[in-house]
Amino acid sequence: ALAYSAKNHPEELRKALGSLWTPIVETPLYHGTNSLFLPDINVHGLDPSRRPWEERDFQRLDDILKKGGWEFGIGVYYNNKRDYTGKIHLTYHRDAAENYALSAPEAWSELEKNIVGLNKNGTLPEEEIRKAREIHEKYKKRFSGGSPVVLVISPNAPPILNWFISLYRDLREQGENPNSYFENLIQMIKLGVDNTVTEPIEPRFIRPIRLT
């Protein structure tokens, strides 16, 4: 990604894209989370290196559940999101972020039912079952309380602008028509496409909205 600084504002991109630039810098993005994590977010922003869980715990729990007869382990959502490790998942679709924030407690409760019903095939060692319950209990305590929150992310946050700048320059270097590509991309943004960034988003570009 290109380094961003106040002196390196993407005037090149603004001039090249013309009216296509406006939706990029005026359309906010969203991220669903829980109020429990706001104190950390208010200080450190959204940082992919500061997860509220340890990936090794979720990986171990996922493996145990599958061994115990639960085909999808922790769940389809988690398995589909493994590609987001080291990334921040954002969306232009506010409803999607709200649904994620609201459904997280329900999903965790459903996971507890799966753990209670472990060893459906009768081949799972008791030690594995104890470990699964231990991991679940650890995060049940950590995630208890709080309320669903949607974070409104400014489209002017440097990691987001960097993403667009890099995309434009990559397309141009590959000999493609960046403007044509961006026309389609703007339509996808209006429809609520998802995106990911790898750089931390500073607190000043984040506005939390509590849903309850």
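The values are calculated or read from the model by the stated rules, or taken from the named source; none is laboratory data. The structure presented is a predicted model; accordingly, all values stated were derived computationally and were not measured. Quick reminder, even Gly has a Cβ in these numbers, built from the backbone with ideal geometry, and neighbours come from all protein chains shown. Ligands, DNA and RNA are excluded from the accessible area calculation, which covers all protein heavy atoms including side chains. Shrake-Rupley method; radii C 1.70, N 1.55, O 1.52, S 1.80 Å.
For this structure, a couple of remarks:
- In the set (1) at pLDDT 85 or above; (2) open to solvent by 30 Å² or more (accessible area, probe 1.4 Å); (3) of a type in the set (D, E, K, R); (4) within 28 Å of GLY117 (Cα to Cα), the condition left unmet by ASP47 is number (4).
- Residues that are open to solvent by 60 Å² or more (accessible area, probe 1.4 Å) and either hydrophobic (A, V, I, L, M, F, W, C) or farther than 20 Å from LEU90 by Cα (or both) within the stretch 24-44 comprise LEU36, VAL43, listed in sequence order.
- Look at the stretch 173-200: where a residue is surrounded by 16 or more Cβ atoms within 10 Å (Cβ to Cβ) and a partner is charged (D, E, K, R), sitting 6+ places away or on another chain with Cβ atoms under 6 Å, you get PRO178/ARG172; PRO200/ASP47.
- Here PRO208 clears all of (1) in a loop (DSSP other than H, G, I, E, B); (2) closer than 22 Å to THR33 by Cβ except the condition numbered (1).
- Scanning the stretch 133-151 for residues that are free of Cβ contacts under 8 Å to residues at least 60 places away in the same chain and surrounded by 11 or more Cβ atoms within 10 Å (Cβ to Cβ) yields ARG133, GLU134, GLU137, LYS140.
- Residue match in the stretch 156-166 (condition: part of a helix (DSSP H, G or I) and loosely packed, with under 15 Cβ neighbours inside 10 Å): yes
- Filter pass, ASN162 being touching a residue at least 12 places away in the same chain (Cβ under 8 Å), under 24 Å from PRO48 (Cα atoms) and not basic (Lys, Arg): yes
- The single condition among (1) over 30 Å from GLU26 (Cβ atoms); (2) open to solvent by less than 50 Å² (accessible area, probe 1.4 Å) that ARG130 does not satisfy is (2).
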